[in-house]
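Undergrad: This is the structure, below, for whatever I ask next.
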Amino acid sequence: MANQQHLDILKQGVDTWNQWNSKHYEIKPDLSGANLTQVDLSDIILSDVNLADADLSEARLVNATLVRTNFARATLIRAELDGASLHQAILWQANLRNAFLSGVLFNYTDLEEANLSYATVDLTIFGDVDLRNVKGLKSIRHQGPSLVSTTALVRSQGNIPEIFLRK
């Protein structure tokens, strides 16, 4: 359950959140289970935040800093994450169906059992990640080139759908 104080600060807007977060960097905010559907969180810094089980359907997280953010079992259906940094984020069993992932950085990201069905990618970087158990890779929409690192190929033990790699 989300910490109500943290949720109240977030509801005051991105600028207020970012200022509070920079002053209280030692706090690991808890927004788990929060309903953040259709909220515009563009340019927000949500590093080290717990968003497990949160609903971020159709949320705008454009250019968001989501380093080490916990999205375990979160719902991000049709969310816009264009330009977001998900370095070391946890997306275990997260639902990113139909999400927009242009210019997203997945580096050292836990994508175990994440659902990327029909997500749109372009200039997306799949860095040191294991893609073996990611759902929906065959249905991803490629609007431009993306990068799958050799480290990701090794970690995935070559078990990545060929259609995903070719597109």
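The values are calculated or read from the model by the stated rules, or taken from the named source; none is laboratory data. Being a predicted model, the structure only gives us computed values, none of them experimental. No Cβ is skipped: glycine too gets one built from the backbone with ideal geometry, and neighbour counts run over all protein chains shown. The accessibility values were calculated without ligands, DNA or RNA, using every heavy atom of the protein model including side chains. Shrake-Rupley method; radii C 1.70, N 1.55, O 1.52, S 1.80 Å.
Undergrad: Whenever you get a sec, compute what percent of the accessible area on the chain sits on carbon and sulfur atoms (1.4 Å probe).
TA: That fraction is 47 percent.
Undergrad: Pull up the cross-link candidates among the lysines for Lys167, meaning alpha carbon to alpha carbon under 28 Å and not fewer than 8 places away within one chain.
TA: Straight-line reach from Lys167, under 28 Å: Lys135, Lys138.
Undergrad: So, for the chain, what is the accessible surface per residue at a probe of 1.4 Å, expressed in square angstrom?
TA: So the chain comes to 48 Å² accessible per residue, rounded to a whole number.
Undergrad: Would you mind classifying segment 1-46 by shape? Square roots of the alpha carbon gyration tensor eigenvalues, ordered a ≥ b ≥ c; an a/c under 1.5 is rounded, otherwise it is prolate if a/b is larger than b/c and oblate if not.
TA: Oblate.
Undergrad: Sticking with this one: Quick one: dipole size for the chain, taken about the Cα centre, charges +1 on Lys/Arg Cβ and -1 on Asp/Glu Cβ, in debye to the nearest 20.
TA: In debye, rounded to 20, the chain gives about 500.
Undergrad: Let me ask something additional. Match the structure shown to one of the listed values (i) 28, 15, 14; (ii) 41, 16, 12; (iii) 32, 18, 13 of semi-axes √(5λ) of the Cα gyration tensor in Å, computed from it, and give that label.
TA: Among (i) 28, 15, 14; (ii) 41, 16, 12; (iii) 32, 18, 13, the one calculated here is (i).
Undergrad: Taking H as built 1.01 Å from N, whose amide H comes closer than 5 Å to the amide H of Val129, not counting residues under 5 places away?
TA: So Val129 has HN proximity to Tyr108, Ala152.
Undergrad: Also, quick follow-up: Restricting to Cα pairs below 8 Å that are 6+ residues apart, what does the relative contact order work out to for segment 38-167? Please round to a whole percent.
TA: In percent, rounded to a whole number, it is 16.
Undergrad: For the chain, with a Gaussian network of springs between Cα atoms less than 10 Å apart, report the residue from Gln38, Gln88, Gln19 with the top mean-square fluctuation.
TA: Evaluated over the chain, the most mobile residue of the options is Gln19.
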